[in-house]
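The structure appears right after this line, and notes come after that.
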Amino acid sequence: MFFCQNCGFESSKWMGQCPGCRQWNTFVEEQVVTGSISKGIKKTQREEENRPWSLSEISLEEEDRLSTGMQELDRVLGGGLVRGSLTLVGGDPGIGKSTLLLQVCRNLSLDEKEVLYVSGEESLKQIKIRANRIGEFNGYLKLLCENSLGTVEEVMRRTKPDVVVIDSIQTMFHESISSAPGSVSQVREATGVLLQLAKGLNISIFIVGHVTKEGTVAGPRVLEHMVDTVLYFEGDRHASYRILRGVKNRFGSTDEIGVFEMASEGLKEVHNPSEFMLSGKPEGESGSIVVCSMEGTRPMLLEIQALVCHSSFGIPRRQTIGTDFNRVNLLIAVLEKRVGLTLGNCDAYVNIAGGIRIQEPAVDLGIALALASSFKNKPIDDKTIAIGEVGLSGEVRGVSMIQARVQEAKKLGFTTCIVPSVNRDAVKNMDGIKIIGVKSVGEAIGIL
Ligand code: TYD
Ligand code: MG
């Protein structure tokens, strides 16, 4: 069969362009082995589990969760690491995947759990150098430098550890498949074998996956379908903080994030991200406002920056970092038509400070106010925060979890909070912070 090395599209003949992802020259012939590889394990599993079960027969005791020793990671995993689960950790090279997992291994081994760290990328010495930066280790952690999946499987069956880390799936190869490590069939088969091991032996397995230029895990999408949990480690390589985001989670919610900071002795958890994100906010400058976005169950305060200036070319430039480009264009159109700001011949740049990405519509009002502030060159009061979604007729619509958001603003010393008027009643009894309900963007701009 021919496989697209970019997206995993499968075809019986070679093609120049992949119909799946439209990339050129990505098809490579690979031998497909049917049946023979994981049959043995499948069979034994079937014998135990080939009857239907009623819900009341299933005990949840096996579902007990291990704490990884890092609250931020536990939260993203949905409350801890589930036994027998397969977790994929993706991210750019050098972002800190190996560091994070080595720290998890350390915490688990200090908790007297048997941990096996398999590295196909680094030598034992290299791992030792990293481990020395992180801290003291004990004998419960075992290291293995190995590329052959057969050997890894054999070791896992013999030693039966509680947790295994495979760093990385792209370096593993299965002897019975002729294609090179990292190719689609290898990655898929290797993941299949690990899945069987995780479920069969009740071992929690972390798999590290490299990310392609397009930002997905290299190899086929099937990888994401096979595993229980997919976590992405992201962040600006030049900034020190890192964000761990759940993309898929069979054991919990996917919109939780964990925030870490890369320090000289490994990753440190950041328990109060709002403070961290606002640390560099300029004072008394136009085009800057603080908003509150929900990340799962956690409110997070962020600074939105906008820069509007006269365009020197025929077509104005619009650029966004950290937020949706089309959404910002829509807000610019609303400001032009409903509020009467002539932004049509202006360049506009919008940036969510700190490099974090936000999709939530509750930051709309903040973006609109930042744009208006920059356009009029009038700074917004530093202790004011804006929350609300903006509709096409310039109305400010209600948002969810308003109490949590206002509470967070109050905690960090903000004194005025602009909220949608429909949400005002829910928070009007909060003292120590002035709540202003607004119906439209124009009204909010007028007040400020
Ligand atoms: P690493 O975990 O090797 O990344 P990945 O496995 O995702 O490719 O990350 C290594 C980077 O982190 C490297 O640039 C050095 C830096 N680092 C620190 O700043 N402090 C530390 O304590 C460690 C172990 C690494
Ligand atoms: Mg690594």
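The values are calculated or read from the model by the stated rules, or taken from the named source; none is laboratory data. Values in this document were obtained by computation on a predicted structure and should not be read as measured data. Here the Cβ positions follow ideal geometry from the backbone for every residue, glycine too, while neighbour counts run over all protein chains shown.
Can you confirm whether Glu122 is assigned to a loop (DSSP other than H, G, I, E, B) and within 12 Å of ligand 1 (Cβ to nearest atom)? Taking the combined requirement at face value, the residue satisfies it. Only residues that are farther than 28 Å from Arg133 by Cβ, more than 15 Å from the chain's Cα centre (by Cα) and not aromatic (Phe, Trp, Tyr) were counted across the stretch 251-275, and they come to 1. The residues of the stretch 165-180 that are buried (at least 17 other Cβ atoms within 10 Å of the Cβ) and either away from ligand 2 (no atom under 16 Å from the Cβ) or assigned to a loop (DSSP other than H, G, I, E, B) (or both), listed by number, are Ser168, Met172, Phe173, His174, Ile177, Ser179. Within the stretch 288-330, the set of residues being polar (S, T, N, Q), under 22 Å from Gly391 (Cβ atoms) and outside any strand (DSSP E or B) comprises Thr323, Asn326, Asn329. Here Glu136 meets each of (1) more than 26 Å from Asn107 (Cα to Cα); (2) among the acidic types (Asp, Glu); (3) in a loop (DSSP other than H, G, I, E, B) with one exception, condition (1). Considering the stretch 120-142 alone, what residues qualify as being within 30 Å of Ser179 (Cβ to Cβ) and either outside the structural domain of Glu175 (by TED's automatic domain parsing) or within 14 Å of ligand 2 (Cβ to nearest atom) (or both)? Gly120, Glu121, Glu122, Ser123, Gln126, Ile127, listed by residue number. Screening the stretch 237-261 for residues that are farther than 26 Å from Lys411 by Cβ and within 16 Å of ligand 1 (Cβ to nearest atom) and picking the one that is surrounded by the most Cβ atoms within 10 Å (Cβ to Cβ) gives Arg237. When the stretch 286-304 is filtered for residues that are closer than 19 Å to Leu341 by Cβ and surrounded by fewer than 22 Cβ atoms within 10 Å (Cβ to Cβ), only Ser286 remains. Does Gly96 satisfy the condition of being within 16 Å of ligand 2 (Cβ to nearest atom), in the same structural domain as Arg188 (by TED's automatic domain parsing) and in contact with a strand residue (DSSP E or B) (Cβ under 8 Å, 6 or more places away or on another chain)? So Gly96 fits the description; yes.
Exactly one residue out of Gly340, Gly314, Gly344 is closer than 22 Å to Pro379 by Cα and out of contact with any Pro (no Cβ under 8 Å at 6 or more places or on another chain), and it is Gly340.
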